[in-house]
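Have a look at the structure below, then the notes.
FYI, it's all coordinate maths here, none of it is from the lab. Model, not experiment: these values are computed from the prediction. Cβ atoms come from the backbone with ideal geometry, glycine included; neighbour counts cover every protein chain shown.
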Amino acid sequence: MLNSVKRCGKDTDKGLQNAMNSRMKKLTGTAIFVFGSACYFFFAITVAIARLPDTTMGTQLLFYLAITLIWLVLAAILVRWMQKPGSV
């Protein structure tokens, strides 16, 4: 009885656990997003510096557009995972 809180006839323990899982997911996702974005952009810039100096501006534009779209897809997958309710 002490471990569970009943409100309106519902056991809210599960709700509290889900809220904590959602918070933890968002914290973890934010850390992954910040660290992953930094690593991804350093990688992209390194590839660009190594491969693109002698190319046309159009090729460089296509490269950066492709890199950005890939990042957007990966970020969207991460944000979608962060927004899912807890797994408890």
message: Every residue in the range 55-68 that is surrounded by 10 or more Cβ atoms within 10 Å (Cβ to Cβ) and of a type outside the set (Gly, Ala, Ser), please.
response: 55, 59, 60, 61, 62, 63, 64, 65, 67, 68
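Across the range 46-88, what is the number of residues that are among the small types (Gly, Ala, Ser), under 30 Å from residue 23 (Cα atoms) and out of contact with any helix residue (DSSP H, G or I) (no Cβ under 9 Å at 6 or more places or on another chain)? First the steps, then the outcome.
Our first condition is that a residue be among the small types (Gly, Ala, Ser); within the range 46-88, this holds for 48, 50, 58, 66, 75-76, 86-87.
Cutting the leftovers down to under 30 Å from residue 23 (Cα atoms) gives us 75-76, 86-87.
Still in the list and also out of contact with any helix residue (DSSP H, G or I) (no Cβ under 9 Å at 6 or more places or on another chain): 76.
Looking only at that region, the number is 1.
Scan the range 69-87 for residues that are among the β-branched types (Val, Ile, Thr) and exposed (fewer than 12 other Cβ atoms within 10 Å of the Cβ) and jot them down.
Initially, the range 69-87 is screened for residues among the β-branched types (Val, Ile, Thr), giving 70, 73, 77, 79.
Selection gives 73, 77.
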